[in-house]
């Protein structure tokens, strides 16, 4: 099952533009408003939160940073990945 999730994440990351997200912070107008934590993402994919962090560092998931430096993820992107996973 992990391979299916990883393939879905890889396929999505290939479609995501290479725009650097490091400068974008939660609260900027360009950042989605509906964000979730790595723990919530991990629960949806049934993986460890560290795995979600590794996916973000590898560029497989788009992560936004809070002012405190914590990662947050777009709920819409995660739901899209989950629908791709369910279709497999």
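Within the bounds of the range 70-85, is there any residue that is assigned to a loop (DSSP other than H, G, I, E, B), surrounded by fewer than 13 Cβ atoms within 10 Å (Cβ to Cβ) and at pLDDT 90 or above?
Residues of the range 70-85 assigned to a loop (DSSP other than H, G, I, E, B): 70.
Of the ones still in play, those that are also surrounded by fewer than 13 Cβ atoms within 10 Å (Cβ to Cβ) are 70.
Those left that are additionally at pLDDT 90 or above: 70.
Yes, the conditions are met somewhere in the range 70-85.
Here's the yes/no breakdown for (1) exposed (fewer than 10 other Cβ atoms within 10 Å of the Cβ); (2) within 19 Å of residue 84 (Cβ to Cβ); (3) at pLDDT 75 or above; (4) touching a strand residue (DSSP E or B) at 6+ places or on another chain (Cβ under 7 Å):
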{"position": "3", "(1), (2), (3), (4)": "yes, yes, no, no"}
{"position": "7", "(1), (2), (3), (4)": "no, yes, no, no"}
{"position": "12", "(1), (2), (3), (4)": "no, yes, no, no"}
{"position": "21", "(1), (2), (3), (4)": "no, no, no, yes"}
{"position": "38", "(1), (2), (3), (4)": "no, no, yes, yes"}
{"position": "41", "(1), (2), (3), (4)": "no, yes, yes, yes"}
{"position": "48", "(1), (2), (3), (4)": "no, no, yes, no"}
{"position": "51", "(1), (2), (3), (4)": "no, yes, yes, no"}
{"position": "56", "(1), (2), (3), (4)": "no, yes, yes, yes"}
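Which numbered condition trips up residue 60, out of (1) modelled with pLDDT under 95; (2) surrounded by 12 or more Cβ atoms within 10 Å (Cβ to Cβ); (3) assigned to a helix (DSSP H, G or I)?
For residue 60, the failing item is (3).
The values are calculated or read from the model by the stated rules, or taken from the named source; none is laboratory data. Please read all numbers here as calculations on a predicted model, not as lab measurements. All Cβ positions, even for glycine, are placed from backbone atoms using ideal geometry, and neighbour counts span all protein chains on display.
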